[in-house]
Amino acid sequence: MKDNNTKNCQNDAQKKVDTIVTLNQCSPTQERESWTGRFDFLLSCVGFAVGLGNVWRFPYLCYKNGGGAFLIPYAICLVCGGVPVFFLEISLGQFMQQGGITAWSICPIFKGIGIGTTVVCFLLNIYYIIILAWALYFFGMSFTTLLPWSHCGNPWNTERCFNPFSDGNETALSVFNKTGMKAVDPAEEFWYNKVLQISGGIHEPGKLRWELVLCLLAVWIICYFCIWKGVKSTGKVVYFTATFPYVILFILLIRGATLDGAKDGIIYYLKPDFNKLLTAQVNPN
């Protein structure tokens, strides 16, 4: 009797799967393109896993939350949440071969998940594209013999600008100590006074930074041409976008290991502060 019930359940489940596959095959919508090869899909997954957060966010969180101790909650969240959800997303997408919203037709009660993830991706793209515009602006400004954020001789620098690597820095530092004035790094003044040109507050909207507007337009155009032919063009773009971050991370690793004080940073990382794990701030981070 138990064997018959098991076979009936298996047959019902197989019928449901066959129905879903048949609906996908008989859908009146245009047939979706597929990856040209497995390696393209693999590189796209690698590129999805590595991004700006690995370069600037993760090291900052490690430093802020006890060094290597942060790896413990990070590994727990990765194993219990990150990897299972990532695997679910990939497997469901490969099985249904639909978009992020319609893929959840496999279980209509979960359609809200598809809508929610689409909204989240939309919001992420809005602010991530701004960061790319800033990066493009810095890239363009770096084509000079003397980097504008490396000295205090620019029109946007103030009297508080202090370059610790320039000649006469000891004299300038003594002046700051006597007057009680806070010294500001030239890179910081370049960021706030030149790039952003921050106003006095929200009541002063300021004017458009046309250099940043053009950079924003350029990165949007680049993103469009990366995806305009679907996975056919994306599969070729990931050959660069998926491998380039690893090259940059390796270069930053070598550069950081050769700087003064690198030994102290490595020791801080290898001798974690486990007391930081008891603070409530670690969990949301």
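The values are calculated or read from the model by the stated rules, or taken from the named source; none is laboratory data. All values reported here derive from a predicted model rather than from experimental measurement. Neighbour counts run over all protein chains shown; Cβ positions are idealised from the backbone, glycine included. Ligands, DNA and RNA are stripped out before the accessible areas are found, and what is left, the full protein with its side chains, is counted by its heavy atoms. Shrake-Rupley method; radii C 1.70, N 1.55, O 1.52, S 1.80 Å.
(1) open to solvent by less than 80 Å² (accessible area, probe 1.4 Å); (2) modelled with pLDDT of 80 or more: which one isn't true of L42, the others all being true?
Only one criterion is unmet by L42, namely (1).
Does region 221-229 contain any residue that is within 27 Å of R160 (Cβ to Cβ) and not basic (K, R)?
no
So which residues in region 217-237 are touching a residue at least 60 places away in the same chain (Cβ under 8 Å), open to solvent by less than 40 Å² (accessible area, probe 1.4 Å) and more than 17 Å from L132 (Cα to Cα)?
Hits for region 217-237 are G230, V231, T234, G235.
Do you know which residues across region 97-112 are over 22 Å from F41 (Cβ atoms), of a type in the set (A, V, I, L, M, F, W, C) and open to solvent by 70 Å² or more (accessible area, probe 1.4 Å)?
Matches in region 97-112: I109, F110.
Tell me whether region 203-216 contains one or more residues that are open to solvent by less than 90 Å² (accessible area, probe 1.4 Å) and closer than 20 Å to L61 by Cβ.
Among the residues of region 203-216, not one is open to solvent by less than 90 Å² (accessible area, probe 1.4 Å) and closer than 20 Å to L61 by Cβ, which makes the answer no.
Considering (1) open to solvent by 50 Å² or more (accessible area, probe 1.4 Å); (2) at positive phi; (3) not hydroxyl-bearing (S, T, Y), say which one I198 fails and leave the rest.
The number of the failed condition is (2).
Which residue pairs have Cβ atoms under 8 Å apart, sit 6 or more places apart or on different chains, and have a first residue in region 106-117 that is in contact (Cβ under 8 Å) with a residue 24 or more places away in the chain and a second that is part of a helix (DSSP H, G or I)?
That search, which allows pairs on different chains as well, returns I106/I20; I106/L92; I106/F95; I106/M96.
Taking only region 64-75 into account, find how many residues are at pLDDT below 75 and open to solvent by 60 Å² or more (accessible area, probe 1.4 Å).
0
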